[in-house]
1. If Lys and Arg each add +1 and Asp and Glu each add -1, what is the summed charge of the other residues whose beta carbon sits under 13 Å from the beta carbon of Phe770?
2. Counting only protein heavy atoms and using a 1.4 Å probe, what share of the accessible area of the stretch 279-321 belongs to carbon plus sulfur, as a whole percent?
3. Say R0 is 30 Å: what FRET efficiency, to the nearest 0.05, do Arg600 and Asp551 get from their beta-carbon distance?
4. What's the extension gain from His991 to Gln753 if we count 0.36 nm per residue and subtract their Cα-Cα distance?
5. Distance check, please: which entries in Lys448/Lys490; Lys512/Lys727; Lys512/Lys611; Lys677/Lys777; Lys326/Lys1047 exceed 18 angstrom between their Cα atoms?
6. Rolling a 1.4 angstrom probe over the protein heavy atoms, how many square angstrom per residue are accessible across the stretch 199-288?
7. With a Förster radius of 22 Å, plug the Cβ-Cβ distance of Asn839 and Val773 into 1/(1 + (r/R0)^6) and report the FRET value to the nearest 0.05.
8. Highest mean first, what order results for 269-276, 1028-1035, 544-551 on Cβ atoms within 10 Å?
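The values are calculated or read from the model by the stated rules, or taken from the named source; none is laboratory data. The model shown is predicted, which means the values in this text are computed figures rather than measured ones. Glycine gets a Cβ as well: all are built from the backbone with ideal geometry, and neighbour counts include every protein chain shown. The accessibility values were calculated without ligands, DNA or RNA, using every heavy atom of the protein model including side chains. Shrake-Rupley method; radii C 1.70, N 1.55, O 1.52, S 1.80 Å.
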Amino acid sequence: MLVGGSSRTHREQQTMQNNNQQTHSSIDDDDNLLDNYLSQDRKKTSSKIIQEVASSTIIESLTAEWWTLNLSQTVLNDLLENLIPLVVLACEKVINEADERHLIETTTSDRSFNPINRLASFLMRNNPKYIHYSSLSPYHYSMKSLLNTKKIQVLKIYGEEETLLRTILKQRQNERSQQYDTISKEEERRKNLLRTFFFDWNVPERGWIQTRLINNMIEQFNEISKQNDLKLNISPFQSHRMHLGAFTENFLNSLKNQSLENFDSIINTYRHYAQTYSNIVQEHELNLLLQRLFNKLDDKQSDYLLRQNVMKVLQTFYNALNDNDKQYVNQPNQWPVVKQTILNNEMESNETSSESETVQQEKPPGSPVTNEQQIVSSISADENIKIDEGQEQTNDEQKKINIELKHPSVYEAEFRFTNEHKPIYNLEHFDTIDHEKSIQFDEQLIDKIQFSALLISFCGLKKNEMVISALIDYFRSNYKETNEEKNAKKILMQQRLIDAEQRTQSDLVFEKMNTTCTGLIKLEPLANILKQYKEGAAIEQIEQVLQTYQDQKQLSSTQFYDLLINIHQTLNETMGGGENFDELLKYIDNQQPQINASDRTRIHTRHQWLKRIRNIPFRTLGYLYKEVMDIIQKDSETFSNQPSKHLSIYIALLENNRNQIRYVATTNDQTDLLLDKTLQRGEGISFQILDSGKWAYINQTKNHSSIKFFNPDDKNQSGSFVLIPLKRLQHTSSNGLLGIDTIQDKKEKAFAQHEVQFYEGVASALSDTFTFVDFDKNMMKILQRFTYWIEQRCSNVSIVDYYTYEPTSMNTPTERLLKHVFTYSNGNLTIFDTPKLVNSREQVFKYNLEHAAVSCQSTITSFLGQTHMIQAIRGRDNFCFSLIDTNIGEQEDLPNEQKQDLTTMYRCIYMAVDELEQELIDDTTKQFLTYEKQSDEMRLNYLFDRIWYMDICNKIKQLSSDTIHEFINNKSKWNDQIKQILSIISRLVKHKELNPTDYATILFPAMIEFDPTTKEHDQNDLWNRAEQLIKTIDQSIWQQPSSDVIKIFYDWLTLAYELEKLSKTQ
């Protein structure tokens, strides 16, 4: 039954699956044989039936069953040839014996029969290594026959596999060959690209390129690649210079792992660097050419030309160009050639000539008019007279002049400009100006560097060789200085040298008089000395001058100098001239009391320490705090009456709400107790000192009720305490405190008067540095609003970068460093924790940035195929202190409306800078709108918006009657949006709809006086309508007649809405 069952199951499977069986002719016969086997007496016929079955198809079925196993052909062949036939015979013997014992169909066991032992015994006696008659088994015969068949099939399979393998190998060889060809072609293509890239640097055929220049490019590219998806960080090359072969090999190795797409993208960007460098070289060559032109024009070698004369020639040349040629240059009276003018203190416009730049700076009462200013005024007056007298003649001449452009070859070789790029592949031969020496802007005179920068800015982005060559030739022929102008210029320059020397001498005398080291001297003793000048013969004139200083009790060094200049000029005017300023200084110096050597040493040493404090850059506050504390401690050890006393020193700054101070620096003994702790208004005496602006000295702190002790145990300790407000000289507002005590030392009356006075000088020097800190912080607020409006108004601007041009020390304003402070892109402002230093000697691709900062000249330039509009910003000292780099992408210029808004915003930044300087230096605060009176923080946060709003109001005030009349006459052409703008404005400022005929007399004056932040004008519905109108404005209105007036109204409504919204959010 076991065999029959197994055979039936296998046969049913193999009938459908196995084509190798040879005896499947009669399934019914097999079934009959099995039935007979099961029904007859097994004692007699079992062996015969088994033999018959074994010789039948069952044997073949059992044999074929092994081929269905999931084994490899080799393993199956080995099993079937050597092992399975013997096992099958053994199993057959065991079954026969079991059948003879009638054990197959019973469950009763036979102790004398163990099938496992029988099977093992048979296998041991019939080991195929020694006995070979197992091959006589019909099962073995069938297995052998089938095995031979399978071996043939296996060999056939192996043959097919070998053929397939050969085919695959051949295919792979072909693929490798094709891949190798592709790689070779790609490598050759990359080599060709790199060769082209090499010569993009304007290198001669057998020339070389300095490796430092390439490393410069790589460093710049690595920095930019961090901002995009292409993460690439190539290590700098080590050689000094590279020829074509080394250049190609180095870049091939560095970029070998880059994909084809990335490689092409990288090389394309690198080629932009090469083009940028080529443009820099070209501009550098133009710079040298213009400097040669300057030397030609400056025939007296005075190192200066008259700025107004230069601007006049430039304007005349521009007017003489035809309209087609004007596209290659910028207008002389507009940005970027000239700086945007600013408004004066009353927010009124300064009427300035289009050919000059003037910045109104008010001086406090009693400020003198220097000799230089008198000369400048006379030069300006003479020039204005000449301009007025010759205006008609000049206009006629301009009408007649028509410049015809010629090929550069017709001009002298020394004074012509061509687009042929001179190879400058060695940075050591790249003659740049000293970029660490900033040049002060001069309203009257222009030096060689600024002259070149001005003309390059005029020449625009395209640098047309015919236009530039014609410009140089025109300057050579038309720039003139009359003898009177030359003499006045010479006198002016001489007077500046005299004034600088006088100021130096005055400061030396002041320092000698400033024995307290506070930075101030008392006016009364000085006045008594001055009244005795010339043995009292000039007392009347001197008292007249002193009368203007009657509100002053102390003088700073600047006020001391201004007083002496006023006295000197008054004596010259009233006593017939011939007065000597040096004589006056010498007289004052001789009247000073003699001091002993030890006091002289102490005063001199302290003055040097104060200079050292003022010399520390404002961005290194941690170092500044440490230096201040070290100097105070060193002064105590050197000059104190109790040199062994232990000082606890701390610096606290006022928070924005002015209701708490925070301790930002302490000596080590106070770190855990005070550092970063706050003190609230009403606690201790600190806020009394801040509000009064006067220092306090408490010589005994024990049980003092007014002092706030952070350590309660100190309340019962004896000690001395000095608290000094941090404020600039003669300012009323304070921004922090300097505290010094000896509580740890338990010493009372520990400070002498001269020590406290020195601490006052230290606090003043520290406050000078904090002025720069406050200025920088407020500039960031202004620029944040600037970037906000860039996003609103200048959609074509892609990136804005802000750089500061900071003095290396406060005492050397000409030595400056350019630092990258923040970048603005896609609505995201990234402020660097540590500003990144920019040095064109190491970063030649930043050449244009640093050149703009040094020369204080705005410009438009191209960098990596993108156009950059660089605005140089200068302060009241006429040094450039920052740059705004506005990137407008691949376009050459902004659309007219956007450019107009951008230049307006540049002008507003200038006005904001001027106002900040007045507040921080002159201690004058302006508050025009209601929201500005609520808090200083809010006022400064939106200073930019308020200035722009007031600027628009000023434009409304300046509208001429003809412009207004023309605008009103075009009312029939106003579209719905223009009518809505005017309707909303009328209802906001006058609470009713106005007739256009009333605009000039009623609407415009009301707009100028309107304060959108006052609660009296709380008209939410109108402001909501204004918001919707601003968001949906159609740009086509700028194409309407009188679009400039429409733009003013739209800007007014936009800024008024923004200010109203900001005032509500606070």
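1. +2
2. It is 38 percent, rounded to a whole number.
3. For Arg600 and Asp551, the calculated efficiency is 0.35.
4. Full-extension gain reported as 79.2 nm.
5. Lys512/Lys727; Lys677/Lys777; Lys326/Lys1047
6. 49 Å²
7. After rounding, the FRET efficiency stands at 0.35.
8. Ranking the peptides 269-276, 1028-1035, 544-551 by packing returns 269-276, 544-551, 1028-1035.
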